Amino acid sequence: MTKTTEDQWPMWEVFLQSKQGAPHEHAGSLHAPDAEMAIQNARDVYSRRNEAISIWVVRSEDIISTSPSDAGPFFDPATDKIFRYPKFYSIPKGVRGV
Amino acid sequence: MAEFDVKTRELLFNYILGIADDRLILGHRLSEWCGHAPIIEEDIAMANIALDCIGEADAFYKLAATFDTEGRSADDLAFLRDSTEFRNVQLSEQPNTDFAWTIARQFFTDAFYVPFFEELAKSSYEELAAPGAKALKEVKYHLRHSREWILRLGDGTEESNSRLQDAVDNLWMYTREFFEFSDSVKLLYELDIVPDNSALLEKWKETVLPVLKDALITIPEDPPYFATGGRNGLHTEHLGHLLAEMQVLPRTYPDAKW
């Protein structure tokens, strides 16, 4: 039997915070019927070994993403603009506290 | 270790075995889902809960072993006793049947073990209070998991509702053994070692009844009699089959080591 997307519960993206003050980082995704079950599943699938002190889940379809075809205009122009990097500028002698 | 007289040691041995057997048999039942659950996320969730239960059983078997006059180890107690020596409630050994039965069995058990471990954690006997406190954190999560599933199955589709109703109707008669307060338990209670189980029935109902109602499940009428006897080694036919599978390896290769 071929599974179609209609057979599946919605997909959720899971973000874990490893310690206080650390950012929530993407851990993976899973299927769940609703938010509460997504949180529970995330706990069981991605935090079995004490990986998290906090979990976020968000519906995958709610994430807005760049598309691969945007990659050129979005990201390439940055590569030849070395003046955007701090190393481009030499710091005059005598300047302190930088 | 605290000093207890011979009689108290025997009572404690049997009492602690009851807890350990409840957790082991339920854990083994849950482990039967491994690789067969409806979805991978639930497969992992049930395996996690099974491992929690078996870990709790291990802690209580180790404590029970310190009171065993035959000098058996935790492994001996788990793998070398026959069904008539097991003291778990009959609810634990009931077969998985389907996902709804598994969840109903779990929910009824969790709704007892949360308040039970809360009380056990206050025991004056520290060796018993400590594993109770550790287990409490785990069963609180188990209850959250099983309660959410009761709500979703009951208030889900016509099919999931009727399967859960069937499970609740069939398992209802096994829900009173947790609250038996036998004379031997009473003696331990009077020594401030164990809680009064019978007092937990009201708490159990406060947990169970509103959730079943919200899940659109009809609360069954109380049956003519409730199942009893598990604490004294009286079991349904299902336990023997479970033990045969669970114990085959250590019984076939008695010296096998991990």
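Worth pointing out:
- Structural descriptor for segment A:9-88: relative contact order 32 percent, calculated from alpha carbon pairs under 8 angstrom and at least 6 residues apart.
- Two numbers describe the Cα atoms of the protein assembly as shown: Rg and Dmax, which are 26.1, 94 Å.
- Extension reserve of the B:Thr218-B:Cys34 stretch, reckoned as 0.36 nm per residue once the Cα distance is removed: 63.2 nm
- With the helix formula -39500 (n - 2.57) applied to DSSP H stretches of n ≥ 4, chain A reaches a computed 222 nm mean residue ellipticity of -5000 deg cm²/dmol.
- Within the same chain, lysines fewer than 8 places from B:Lys7 are excluded, and of the rest, those with a Cα less than 23 Å from its Cα are B:Lys62, B:Lys122, B:Lys186.
- The B:Asp255 and A:Ile91 beta-carbon pair, evaluated with R₀ = 56 Å, returns a calculated FRET efficiency of approximately 0.15.
- Ordering of B:6-18, B:234-246 by packing [mean C-beta count within 10 Å, highest first]: B:6-18, B:234-246
- Over segment B:142-258: Kirkwood hydrodynamic radius from C-alpha pairwise inverse distances, Å: 17.4
- Calculation over all alpha carbon pairs of segment A:9-88 in 5 angstrom steps from 0 returns a P(r) of 3, 14, 18, 14, 12, 11, 12, 10, 5, 2, 0 percent.
- Of the residues A:Ala52, A:Gly72, A:Pro33, the one whose Cα sits farthest toward the positive end of the charge dipole of segment A:9-88, with +1 on the Cβ of Lys and Arg and -1 on the Cβ of Asp and Glu, is A:Ala52.
- 10 Å Cβ neighbours from other chains, averaged over peptide A:53-60: 0
- Partners for A:Lys87 among aspartates and glutamates (Cα-Cα distance below 20 Å; same-chain residues under 8 apart left out): A:Asp76
- Its relative contact order, with pairs defined as Cα atoms under 8 Å and 6+ residues apart, puts chain B at 24 percent.
- Across peptide B:142-153, the average count of Cβ atoms from other chains found within 10 Å of a residue's Cβ is 2.
- On the beta carbon distance between B:Glu159 and B:Glu126, with R0 = 51 Å, the FRET formula returns roughly 0.55.
- Here B:Lys205 is the anchor, and the lysines within straight C-alpha reach of less than 20 Å, apart from those fewer than 8 places off in the same chain, are B:Lys140, B:Lys213.
- Test item: B:33-42 mean partner chain Cβ contacts at 10 Å: 3
Since every read-out is calculated from the coordinates, none of them should be taken as a lab result. On a predicted model such as this, the values are computed, not experimentally measured, just so you know. So basically every Cβ, Gly included, is an ideal-geometry build from the backbone, and we count neighbours across all protein chains shown.
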